[in-house]
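The structure appears right after this line, and notes come after that.
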Amino acid sequence: MTVRVGLIQLDVSSAEPVAERVTRTLSLADATARECDMVVLPELWHVGAFDIDAAREHAQPIDGPLVEALSGLAREHATWIHGGSISELADDGQHYNTGVLFAPDGSLAAAYRKIHLFGFDGGETTLMSGGDELFVVDTPLGATGLATCYDLRFPELFRALTEGGATAFLISSGWPTPRIEHWDLLTRARAIEDQAWVIACNEVGQQPGIALGGRSVVVDPQGAVVAQAGSEAEVLFADIDPDASVRWRADFPALQDIRIG
């Protein structure tokens, strides 16, 4: 039995007011949820991954209105929604880049605080604190690990998720155009080396000083690209066989030969 996913590759150009983007995106997520078993949004989509001023201004608590709205959509359509990530303002005043995953009853199945912050002492590192907890959640895709954007460059995170049972990875991202070839290679590499599905949702548009590259992608456990978006806003659909990872690991049991770590 296949699982239909819909990746919403949003335009997050800073020229659009945040309130308007939130309204537009929730409407698009509502429509997409009618067609899918799982909806996936990109990283910091409400403010845009590179707009740190907007991330500071529009940060919300984990029980704030944005999370409530996404929870309501999941519950209304009885579907899984990976709400991408939001700029979270914690009770202690710290900010986090937090991925939010909702079960079909609207409950918050996971709140993953991005571990690897991008910016080399700039960018999101000037606002966000890094998380320290990994999440593997049982979803229709099977055991599903969560990651965000820059995490993709750190294979040890994905290996740890695999050791935690993951057979699929959900990645929300704000990956820029100048390094989009890295995105293409790394999404396939993570799938190949961990023999797992990679479902990676990126965004497009113009942020301060940077263009976002799109190319949201679904990669199967053997590294084949099942579906890929272009460089403009679109909804990418793919049908996933959740048992493909288990079968491939049995047919080609490379993971049992790990000797380091």
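The values are calculated or read from the model by the stated rules, or taken from the named source; none is laboratory data. Small disclaimer: the values here were computed from a predicted structure and weren't measured. Cβ placement follows ideal geometry from the backbone for every residue including glycine, while neighbour counts extend to all protein chains displayed. Side chains are part of the model used for accessible areas, which takes the heavy atoms of the whole protein and leaves out ligands, DNA and RNA. Shrake-Rupley method; radii C 1.70, N 1.55, O 1.52, S 1.80 Å.
If I ask for residues that are in contact with a helix residue (DSSP H, G or I) (Cβ under 8 Å, 6 or more places away or on another chain) and either over 12 Å from Phe118 (Cβ atoms) or without any contact (Cβ under 8 Å) to a residue 24 or more places away in the chain (or both), which ones from the range 168-181 would you list?
Selection gives Ala168, Phe169, Ile171, Ser172.
Please go through the range 140-197 and give me each residue that is basic (Lys, Arg) and either modelled with pLDDT under 95 or more than 28 Å from Ser87 (Cβ to Cβ) (or both), ordered by number.
Arg159, Arg188, listed by residue number.
Looking at the range 26-59, which of its residues are open to solvent by 40 Å² or more (accessible area, probe 1.4 Å) and of a type in the set (Ser, Thr, Tyr)?
Ser27
List the strands (runs of 3 or more DSSP E) inside the range 184-239, counting only whole elements, that have at least 2 residues being buried (at least 18 other Cβ atoms within 10 Å of the Cβ).
By residue number, 197-201, 204-207, 210-213, 217-219.
Since Gly209 meets every condition but one in (1) modelled with pLDDT of 95 or more; (2) over 19 Å from Ala143 (Cβ atoms); (3) not aliphatic (A, V, I, L, M), which condition does it not meet?
Here Gly209 meets the rest and fails (1).
Kindly indicate the residue of the range 93-138 that is among the charged types (D, E, K, R) and within 30 Å of Gly209 (Cβ to Cβ) and also farthest from the chain's Cα centre (by Cα) among those meeting that condition.
The selected residue is Asp121.
Would you pick out the residues in the range 35-75 that are over 16 Å from the mean Cα position of the chain (by Cα) and among the β-branched types (Val, Ile, Thr)?
Answer for the range 35-75, where residues must be over 16 Å from the mean Cα position of the chain (by Cα) and among the β-branched types (Val, Ile, Thr): Ile52, Ile62.
For the range 226-259, name all the residues that are of a type in the set (A, V, I, L, M), farther than 13 Å from Gln195 by Cβ and touching a Lys or Arg at 6+ places or on another chain (Cβ under 7 Å).
Across the range 226-259, the qualifying residue is only Ala229.
Could you count how many residues in the range 165-183 are in a helix (DSSP H, G or I) and at positive phi?
0
Within the range 67-75, is even one residue buried (at least 20 other Cβ atoms within 10 Å of the Cβ) and closer than 21 Å to Arg215 by Cα?
no
Can you list residue pairs whose Cβ atoms sit under 7 Å apart, with the first residue in the range 189-212 being in contact (Cβ under 8 Å) with a residue 24 or more places away in the chain and over 20 Å from Glu234 (Cα atoms) and the second being part of a helix (DSSP H, G or I) and among the β-branched types (Val, Ile, Thr)? Count only pairs 6 or more apart in sequence or on different chains.
From the range 189-212, the pairs are Asp194/Thr162; Ala196/Thr162.
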